[in-house]
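Here's the structure we're looking at; comments come further down.
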Amino acid sequence: WYWQKEKREPYVKFMEANYPPGFSYEDFGPLFTAEFFDPNQWADILKASGAKYVVLTSKHHEGFTLWGSKYSWNWNAVDVGPKRDLVAELATSVRNRTDLHFGLYHSLFEWFNPLFLEDATNVFKTREFPTSKSLPELYEIVTKYQPEIIWSDGNGNAPDTYWNSTGFLAWLYNDSPVRDTVVTNDRWGVGSICTHGGFYTCSDRYNPGHLLPHKWENCMTIDKRSWGYRRNAQLDDYLTTEDLVKQLVETVSCGGNLLMNIGPTHDGRIAVVFEERLRQMGAWLKVNGEAIYGTKPWRAQNDTVTPDVWYTFSPKEGKVNAIFLNWPVSGTLELGEPQAKLGETQVKLIGHKELLRWVALGEKGIAIALPQLTPKQLPCQWGWTLQLTDIN
């Protein structure tokens, strides 16, 4: 896009300096080799991350499908490059080795598809592209791979009527093989984002910091600058594990899910920096998972007295979870939101055996004495959870 459409100078120059004259985007097809792609290893890393679902980009805006689509002849991973059905391989491994829900991302439009460009020229009065390419592909991936999430994207500035989104969704929820399990997002044409859909995404890297009335998802990237893999990325281009835990906690306390993106390499690897981040998230969730999984937003999302404290509520146990991201130097954590009851309220640090001592602060609020622990004795790094029971 930057090279061919916007013709941004650094991209044009890079291509001129590093690729043969007349090299086209299509020439990248055979260079996408995936020789190190091991779907079992991917599944094991995904499982270790503590995630509950995974979404694979089955086709992005340039139209190359990661399965052997009959509607993308000779521009797919079975005919060109890897010569493998990457969607099928990952779906199989995820289903055999994990309990993650398997989802697929699919771009409605394609930047340079002549049929789409012609429809756009006709101000979308003609519908050659959706009827012969985009919709058939959607039906194909649902029927073939039965994904439990359809993550639609790329409306190409066309309305949902051009894409016949309602027609497709009616089939998906009433007649498709995944009608009883499938979940969809909100990107189905101009005007549908953040208004229609199973869950709202609203925009990329959306993290409002307050409670939303509808289920939503924060889709963001570990690489601050890209959804793909950048060979020239610097270490500080990547969010740290602290950053990621903070994103997760803020998102969940406000009623959202976190969709954390990694870009794999052309040869099929999850780069070790991404693997480390995923495994560290998993290590954090192993300790603090009960403050995240199956929780609901509490009456307050973050604390009024101490910054970087976020609340979730575990309805089954009736527990309030206060997740704090900074361990106070004083050893005492003051919370302005919970109303404690003398002789009844109990406070526990997840991953630590003994109950903690506390005192009420006036009408509302509680001061909690944290245990004196060495770094080695801490239940985890990056953030900790206090569980409060019998709170007003």
Using a 1.4 Å probe on the protein heavy atoms, what percent of the accessible area of the chain belongs to carbon and sulfur?
53
Once you treat every alpha carbon in the range 169-311 as an equal point and sum by Debye, what is log10 I(q)/I(0) at q = 0.13 Å⁻¹?
-0.71
Scan around T57 for amide H atoms under 5 Å from its own, H built in the peptide plane at 1.01 Å from N, and keep only partners 5 or more places away or cross-chain.
Y105
Simple spin-label estimate for V190/E317, 7 Å along Cα→Cβ, in nm, reads 5.0
Determine the gain in length on full extension of the stretch E344-N326; use 0.36 nm per residue of separation and subtract their C-alpha separation, reporting nm with one decimal.
3.8 nm
I'd like to know which of Y229, N185, W67 lies farthest towards the positive end of the charge dipole of the range 9-291, counting +1 on Cβ of Lys and Arg and -1 on Cβ of Asp and Glu.
N185
Can you tell me what percent of all Cα-Cα pairs in the range 125-192 are more than 14 Å apart?
57
Using Cα pairs closer than 8 Å and at least 6 residues apart in sequence, work out the relative contact order for the chain, in percent.
12
Over the chain, with neighbouring protein chains present, the accessible area per residue in Å² at probe 1.4 Å is 49
Expressed in angstrom and rounded, the centroid-to-centroid distance over alpha carbons for the range 304-335 and the range 128-167 is 43
Subtracting the Cα-Cα distance of L31 and W1 from 0.36 nm times their residue separation yields 9.0 nm
Might you list the cysteines of the chain that have no disulfide-compatible partner by the rule of another cysteine's Cβ under 4.7 Å?
C219, C254, C380
Per DSSP H run of n ≥ 4, the term is -39500 (n - 2.57); total these for the chain, divide by its residue number, and report the mean residue ellipticity at 222 nm rounded to 500 deg cm²/dmol.
-7000 deg cm²/dmol
The computed P(r) of the range 296-389 puts the percent of Cα pairs beyond 23 Å at 16
Segment E16-H214, length gained on full extension (0.36 nm per residue, minus Cα span):
66.5 nm
What distance in nm lies between label points placed 7 Å from Cα along the C-beta direction at T161 and N40?
5.3
Note, ³J(HN,Hα) from phi for the range 221-237, Karplus 6.51, -1.76, 1.60, rounded to Hz, x at Gly and Pro:
10, 5, 7, 4, 10, 7, 8, x, 9, 10, 5, 9, 5, 9, 4, 7, 6
Residue by residue through the range 253-268, which ³J(HN,Hα) values in whole Hz follow from phi under the Karplus form 6.51 cos²θ - 1.76 cosθ + 1.60 (θ = phi - 60°), with glycine and proline marked x?
5, 9, x, x, 10, 9, 10, 9, 8, 10, x, x, 7, 5, 9, x
Using the Cα atoms as the points, what is the convex hull volume per residue of the chain in Å³?
162
Using θ = phi - 60° and Karplus 6.51 cos²θ - 1.76 cosθ + 1.60, couplings along the range 294-299 (whole Hz; Gly, Pro as x)
x, 8, 10, x, 8, 5
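The values are calculated or read from the model by the stated rules, or taken from the named source; none is laboratory data. For clarity, every value in this text was computed on a predicted model and none was experimentally measured. Ideal geometry is used to build each Cβ from the backbone, glycine not excepted, and the neighbour counts take in all protein chains shown. Side chains included, ligands, DNA and RNA excluded: accessible areas come from the protein's heavy atoms. Shrake-Rupley method; radii C 1.70, N 1.55, O 1.52, S 1.80 Å.
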